[in-house]
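The next block holds one structure in the form of structure tokens; read it before the comments.
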Amino acid sequence: MQNILIVAAHPKEKSFTSAMADTYGKSAQQHGHTIELLDLYRCDHPQPFVTYDDANHIEVTDAVKFYQAKIAWADEIIFVFPYWWGSMPAILKNFLDANLLRGFAFEYVDSRPQGMLQGKSVRILTTTGAPSFIYTITGAKRRLCCMWKKQIVEFCGMTLAGCHIYGGVDTRGKNTEKILGKIAKLGG
């Protein structure tokens, strides 16, 4: 059984992003996994946006220690977010910037990055309002998945278990049950 950290990033509390995170978590728990859910907009450990004078010496605050302990604990990390402006919400990008620090997530050896989070897998679950095929034919899905895989996940020594873009999300609930059914299967 695995320790699974679910990191959700949507400013609306009762969002479809939250429903996706809850569905994945419940399914994984039913299969014997231990779940921890972090809602970045509602967590007790808020992080200001990263500022620094020296990128190699970013202050390790109590919030950073909290989040790094959660990351270290996890065998699998699930990122759930809406696909905005070709990427992720700013709060999720800041989470990565603030916590995946040199000396924790990666190190340089002979001027080459070496990931330090080996043995962990990552899964991306994201939603869009436009139909999925738009993101396929424009290359947007490939770009998002490649960015996560090469510049974040593999850079830190982890593996990408899946990058799932659920397009055509109808916020009136018209097609959401079908999507949640697919996500429940992923959690098992």
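Bear in mind these aren't lab numbers, they're just calculated from the coordinates by the rules spelled out. Everything numeric in this text was worked out from a predicted model, so none of it was measured. Cβ placement follows ideal geometry from the backbone for every residue including glycine, while neighbour counts extend to all protein chains displayed.
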Those cysteines in the chain that have no second cysteine Cβ within a distance under 4.7 Å are CYS43, CYS146, CYS156
Give me a comma-separated list of calculated 3J(HN,Hα) values for the stretch 43-50, in order, Karplus coefficients 6.51, -1.76, 1.60 applied at θ = phi - 60°, integers in Hz, x for any Gly or Pro. 6, 6, 10, x, 10, x, 5, 4
Given Cα pairs under 8 Å that are at least 6 residues apart, what percent is the relative contact order of the stretch 3-186? 25 percent
Principal axes first, then extents: for the Cα atoms of the chain, list largest minus smallest coordinate on each axis, whole Å, largest first. 50, 38, 29
CD proxy, 222 nm, the chain: helix-only mean residue ellipticity via -39,500 (n - 2.57) per DSSP H run with n ≥ 4, per residue, nearest 500, stands at -9500 deg cm²/dmol
Using DSSP to define loop residues, name the chymotrypsin sites (Phe, Trp or Tyr not before Pro) in the stretch 1-74 whose beta-carbon has at most 14 other beta-carbon atoms within 10 Å. PHE49, TYR52
Two-decimal Rg/Rh across the stretch 85-130, once Rg and the Kirkwood Rh are taken from alpha-carbon atoms: 1.08
Per-residue Cβ neighbour rank within 10 angstrom, fewest leading, ILE137, ILE78, ILE91, ILE35: ILE137, ILE91, ILE35, ILE78
Exposure proxy order (Cβ contacts within 10 Å, fewest to most) of ILE134, ILE6, ILE71: ILE134, ILE71, ILE6
Take the cross-link list LYS141/LYS178; LYS120/LYS185; LYS70/LYS174; LYS14/LYS149; LYS12/LYS93 and give me the ones stretching past 27 Å between alpha-carbons. LYS70/LYS174; LYS14/LYS149
Given H placed 1.01 Å from N in the peptide plane, which residues other than close sequence neighbours of GLN114 have an amide H under 5 Å from its amide H? GLU107, TYR108, VAL109
The stretch 117-124 - phi-based ³J(HN,Hα) in whole Hz, Karplus 6.51/-1.76/1.60, Gly and Pro as x: 10, 4, x, 9, 10, 10, 10, 9
